[in-house]
Amino acid sequence: MDKIMEKDTANYKDYTLLSYHHIPGVHNIDVFERAGGYEMMKKWVGAEPETIKEEVKQSGLRGRGGAGFPTGVKWGFFTKDRAAKKYLLCNADESEPGTFKDRFLVEKNPHILIEGMIISAWALGTQKGYIYIRGEFYQQAVILEKALKEAYAKGYLGKNIMGKGFDFDLYVHRGAGAYICGEETGMISSLEGKKGQPKLKPPFPAIKGYRGLPTMVNNVESLAAVPWIMRFGAAEYKKFGTEKSAGTKLFSISGDVNKPGVIEVPLGTTLKEIIEVHCGGMRNGNKLKAVIPGGSSSPVLNADDSYAVKMDYEDVASKGSMLGSGAIVVIDETRNMGDILKYTLEFYHHESCGQCTPCREGTGWMESIFKRRESGKAQKSDIELLDKTAASMRGQTICALADAAAMPTQGMIKFFRPELETYVTTNVNSNKR
Ligand SMILES: Cc1cc2nc3c(=O)[nH]c(=O)nc-3n(C[C@H](O)[C@H](O)[C@H](O)COP(=O)(O)O)c2cc1C
Ligand code: SF4
């Protein structure tokens, strides 16, 4: 049995990402190393890169940034030419409303991400990496900078890492708080010093990314999972989760529960268990009304579906929504769905980069229905108009932001049409909590 496991309390043996979190001061490199940190980097840097890639592929790890695309398969699209200039880009933008798990991971244990990135960089043959972190996460950027300095001082980053002839430089790049810079091509534009506007795909960044060169973009949680997979192996990782949704997942839970926060549970854990056991139940004993299961761009689930769903990619999709980044927003009976949709649409209109007409105009039109409410001019039929506008935006744009605005809108209308019709036609001041 391995060091981490030996040192763990019984509770921590079930974690892959948070397995160090009970150790005080683990954000310091010496403490991290005493607990077994960087052992996998020492073991795997210099080993056969294809073995690492194959292990990650076999683990079934799926990208934790939202789309759930298998990480090992994506790595397989990357050039195998080790001499070619190419980049590893960690997506720590985390702008999706409701999501706060990457920030949590970076804050508590920056070295697990750095170790994961070094192993990944070796496997992929990248010489340079960036951690693109959301501008508002100043404290987390400072923590990461300090951790990078510690890793450089130990010779784990820079030239000729541990004398193994491998050069890898890693930098922190702070964004400026635009949601669209979380989208990988928008992020790359921003990193290049341009406006953070997405580009049409293909070509995908793995083929043509930062500065026109192959760039592997992975989410914080995806990269931080690599050391555990390389320590215990793909078969052990697959023991967590379901057949198609392997491993554990961080969920950020907010809203009307007693204990909001970040938890790590195997994929496939029921939402009921997450709410009732991990989050201490509904706040004030109120009744569950709905759940947004995967961040603001995922369609809402009604109470029945919420209590029936298992939190894995397939089961959430079977209920008409998506697991996304695992941002669970719990909504109780005291909330008005109109308020929630209004704030959501204001957000997407504000964050549209404006390149595509259906997104730029569509998000504006959808928001304007709620503005008409404020002047008492909205009508019941506006909800039908909202539904049609949302439908016309889907699949028509450069990036998925338009869909991210349209899908939750249509989801809300599907379950809560009468409530929304009443909301838009009710005097603004009579309907607040
Ligand atoms: C509008 C939009 C916002 C996104 N925001 C994020 C984000 O904040 N963090 C993230 O990791 N991925 C985000 N993504 C997904 C990324 O484009 C990309 O797929 C992901 O970082 C790849 O990493 P993964 O394969 O590890 O999931 C966003 C996508 C879209 C369309
Ligand atoms: S869909 Fe929206 S955010 Fe994405 S590129 Fe088009 S206008 Fe910009």
Looking at region 302-311, which of the residues that are surrounded by fewer than 24 Cβ atoms within 10 Å (Cβ to Cβ) and not hydrophobic (A, V, I, L, M, F, W, C) is nearest to ligand 1 (Cβ to nearest atom)? K310
So P260, is it open to solvent by 30 Å² or more (accessible area, probe 1.4 Å) and within 23 Å of M412 (Cβ to Cβ): yes
Examine region 212-223 for a residue that is more than 27 Å from E107 (Cβ to Cβ), surrounded by fewer than 18 Cβ atoms within 10 Å (Cβ to Cβ) and touching a residue at least 60 places away in the same chain (Cβ under 8 Å), and state whether such a residue exists. yes
Sort out which residues of region 332-365 are of a type in the set (A, V, I, L, M) and either open to solvent by 20 Å² or more (accessible area, probe 1.4 Å) or in a loop (DSSP other than H, G, I, E, B) (or both), and write them in order of number. I340
Would you confirm whether or not region 132-139 contains a residue that is crowded, with 20+ Cβ neighbours inside 10 Å and either out of contact with any strand residue (DSSP E or B) (no Cβ under 8 Å at 6 or more places or on another chain) or hydrophobic (A, V, I, L, M, F, W, C) (or both)? yes
Hey, Y87 away from ligand 2 (no atom under 16 Å from the Cβ) and within 28 Å of S298 (Cα to Cα) or not: no
Screening I119, I112, I180 for residues that are touching a residue at least 60 places away in the same chain (Cβ under 8 Å) and either surrounded by fewer than 20 Cβ atoms within 10 Å (Cβ to Cβ) or within 16 Å of ligand 2 (Cβ to nearest atom) (or both) leaves only I180
Filter region 32-69 for residues that are open to solvent by less than 20 Å² (accessible area, probe 1.4 Å), among the aliphatic types (A, V, I, L, M) and not in a helix (DSSP H, G or I) and give the result. A35, V45, L61
Looking only at residues in region 161-176 that are on the phi > 0 side of the Ramachandran plot and loosely packed, with under 14 Cβ neighbours inside 10 Å, which one is nearest to ligand 1 (Cβ to nearest atom)? G165
Expected single match for over 23 Å from P293 (Cβ atoms) and within 16 Å of ligand 1 (Cβ to nearest atom) among T397, T422, T363 is T397
Filter region 70-109 down to the residues that are more than 18 Å from T248 (Cβ to Cβ) and near ligand 1 (Cβ under 7 Å from one of its atoms), then identify the one that is most open to solvent (accessible area, probe 1.4 Å). K74
Restricting attention to region 229-257, the residues that are part of a helix (DSSP H, G or I), open to solvent by 20 Å² or more (accessible area, probe 1.4 Å) and of a type in the set (A, V, I, L, M, F, W, C) number exactly 2
Take the residues in region 283-301 that are in contact with an Asp or Glu (Cβ under 7 Å, 6 or more places away or on another chain) and assigned to a loop (DSSP other than H, G, I, E, B), then tell me which one is most open to solvent (accessible area, probe 1.4 Å). K287
Residues of region 395-416 that turn out to be among the hydroxyl-bearing types (S, T, Y) and more than 8 Å from ligand 2 (Cβ to nearest atom), as a count: 1
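The values are calculated or read from the model by the stated rules, or taken from the named source; none is laboratory data. Everything quoted here is computed from the prediction, not taken from an experiment. Reconstructed Cβ throughout: ideal geometry from the backbone, glycine too, with neighbour counts over all protein chains shown. We work out accessible area using only protein heavy atoms, side chains counted, and drop any ligands, DNA or RNA first. Shrake-Rupley method; radii C 1.70, N 1.55, O 1.52, S 1.80 Å.
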